[in-house]
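Enquirer: Take this structure first; my questions come after.
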Amino acid sequence: MTELTSSAVPPLDADDHVAGEGPEAIVYADFGCPHCAAVWARIRGLPLRLCLRHFPMAAKHPRAPALHAAAEAAGLQGAFWEMADSLFAERGRVDDPHLWERVEHFGLDLERFNSDRPSERVAARVRRDFESGIRAGVSGTPTAFVAGRPVRDGFEDALARLASLASGPRGP
Amino acid sequence: MIELGETAPAFSLPDQDGNRVSLSDFAGRKLVIAFYPNDFSPVCTDQLSVYQEVLGEIESRNAALVGISVDSPYAHAAFRERLGLTMALLSDFHPKGEVTRAYGAWIESRGHGNRSLVLVDEDGIVAWSHASPTPVEIPGANLIFDALAR
């Protein structure tokens with residue numbers, strides 16, 4: 001049995017996927033989720049230190065587990081963000097041939113990608129994030145945490161305000 | 001909501017296939033009842049989707065989970081198929097909301113149940129319950145595992 005009782009959202013660690021500089025925000029997202037893609041487009045360029053964690057909801061988005069595995073497999077070749085950004089940006093191109101096109105475009109080893117995708121290593125990495133989200137009370141995507149606390153409503157605006165705090169004019 | 005320590009009200013409701021499902025069917029196991037407002041609503045879709053993701057973990061703890069709403073068995077069947085749900089969805093359609101009222105989860109002004117969770121233990125006693133402050137707030141699955149771990 002997996003431990004799934006309540007626990008605070010884990011702080012960033014070396015295995016997390018983190019991009020950008022600025023105030024820290026942790027986002028649990030689903031690559032099959034259209035709302036996640038729309039939100040991601042708005043927050044990706046903000047001056048934030050964004051951590052993206054896997055939260056595939058297969059019931060709503062049957063393709064999600066495969067897409068999260070693809071991002072992790074690309075990550076094993078150093079291209080997590082290229083794949084993640086691309087999956088959010090081109091939601092209509094998520095079948096296997098589309099993934100293979102991306103792999104070639106990113107200059108990755110396709111054979112290795114295909115062997116890594118169904119691996120236990122990749123599955124465990126995705127599961128790690130999903131389970132931490134469950135324990136932190138994530139019940140839909142996207143869900144963001146700032147300073148360990150969930151940002152409930154309108155989190156795009158909340159993150160934009162957070163970013164503006166860091167990048168705005170400083171007082172004397 | 002129903003009080004902890006009370007005997008859980010008996011029920012016999014049709015599931016998504018029209019088969020009667022009774023509280024007594026779960027004797028000897030724990031039963032998590034998820035009262036929810038409506039099939040296909042956005043929030044209910046998120047809620048049951050995330051519970052589906054962890055259903056195996058719930059069942060591995062000698063527990064079952066069922067959903068109850070005022071929708072008809074036909075709507076339940078379509079909702080289950082749409083989301084690939086495997087838990088039973090029970091129809092509190094007629095008399096409308098009778099079981100939901102018995103568990104104290106009814107919202108009269110809305111004509112449907114509040115988003116609520118009830119854990120019935122192996123002996124048919126209410127061991128835990130949770131009512132969302134508003135129907136749009138989803139109780140995380142972590143709360144179910146907290147209750148099962150007590």
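Every number here is computed from the coordinates shown, using simple stated rules; none is lab data. All values reported here derive from a predicted model rather than from experimental measurement. Cβ atoms come from the backbone with ideal geometry, glycine included; neighbour counts cover every protein chain shown.
Enquirer: Tally up the residues in region B:60-115 that are of a type outside the set (Phe, Trp, Tyr), part of a helix (DSSP H, G or I), surrounded by 16 or more Cβ atoms within 10 Å (Cβ to Cβ) and within 14 Å of another protein chain (Cβ to nearest Cβ), please.
Expert: Residues that pass the stated criteria total 2.
Enquirer: Further, regarding this structure: Test of understanding: among B:Val54, B:Val21, B:Val32, which residue is touching a helix residue (DSSP H, G or I) at 6+ places or on another chain (Cβ under 7 Å) and either within 11 Å of chain A (Cβ to nearest Cβ) or farther than 28 Å from A:Gly137 by Cα (or both)?
Expert: Of the residues listed, the single one that is touching a helix residue (DSSP H, G or I) at 6+ places or on another chain (Cβ under 7 Å) and either within 11 Å of chain A (Cβ to nearest Cβ) or farther than 28 Å from A:Gly137 by Cα (or both) is B:Val54.
Enquirer: Being out of contact with any Phe, Trp or Tyr (no Cβ under 7 Å at 6 or more places or on another chain), of a type in the set (A, V, I, L, M), under 23 Å from B:Arg20 (Cβ atoms) and without any contact (Cβ under 8 Å) to a residue 60 or more places away in the chain is the requirement here; does B:Val70 meet it?
Expert: Taking the combined requirement at face value, the residue does not satisfy it.
Enquirer: To continue, here is another question. Looking only at region A:11-41, count how many residues are touching a helix residue (DSSP H, G or I) at 6+ places or on another chain (Cβ under 7 Å) and under 10 Å from A:Cys51 (Cβ atoms).
Expert: Number satisfying all stated conditions: 4.
Enquirer: Within region A:54-74, take every residue that is in contact (Cβ under 8 Å) with a residue 40 or more places away in the chain and in contact with a Ser or Thr (Cβ under 7 Å, 6 or more places away or on another chain) and give me the one that is surrounded by the most Cβ atoms within 10 Å (Cβ to Cβ).
Expert: A:Phe55
Enquirer: Now for a different question. How many residues are hydrophobic (A, V, I, L, M, F, W, C), part of a helix (DSSP H, G or I) and over 18 Å from B:Ser49 (Cα atoms) if we restrict to region A:21-72?
Expert: Total satisfying the criteria: 9.
Enquirer: B:Arg150 is checked against (1) in a loop (DSSP other than H, G, I, E, B); (2) more than 12 Å from chain A (Cβ to nearest Cβ); (3) basic (Lys, Arg) and fails just one. What number does that condition carry?
Expert: With (1) in a loop (DSSP other than H, G, I, E, B); (2) more than 12 Å from chain A (Cβ to nearest Cβ); (3) basic (Lys, Arg) applied to B:Arg150, the lone miss is (2).
Enquirer: How many residues are part of a loop (DSSP other than H, G, I, E, B), hydroxyl-bearing (Ser, Thr, Tyr) and either crowded, with 21+ Cβ neighbours inside 10 Å or on the phi > 0 side of the Ramachandran plot (or both) when one looks only at region B:2-50?
Expert: 1
Enquirer: Next question. For region A:115-148, name all the residues that are over 16 Å from A:Ala64 (Cβ atoms), within 12 Å of chain B (Cβ to nearest Cβ) and touching a Leu at 6+ places or on another chain (Cβ under 7 Å).
Expert: The one that is over 16 Å from A:Ala64 (Cβ atoms), within 12 Å of chain B (Cβ to nearest Cβ) and touching a Leu at 6+ places or on another chain (Cβ under 7 Å): A:Arg135.
Enquirer: On to the next question. Checking the conditions here, which among B:Glu108, B:Glu59, B:Glu81, B:Glu53 is acidic (Asp, Glu) and under 15 Å from the mean Cα position of the chain (by Cα)?
Expert: B:Glu59
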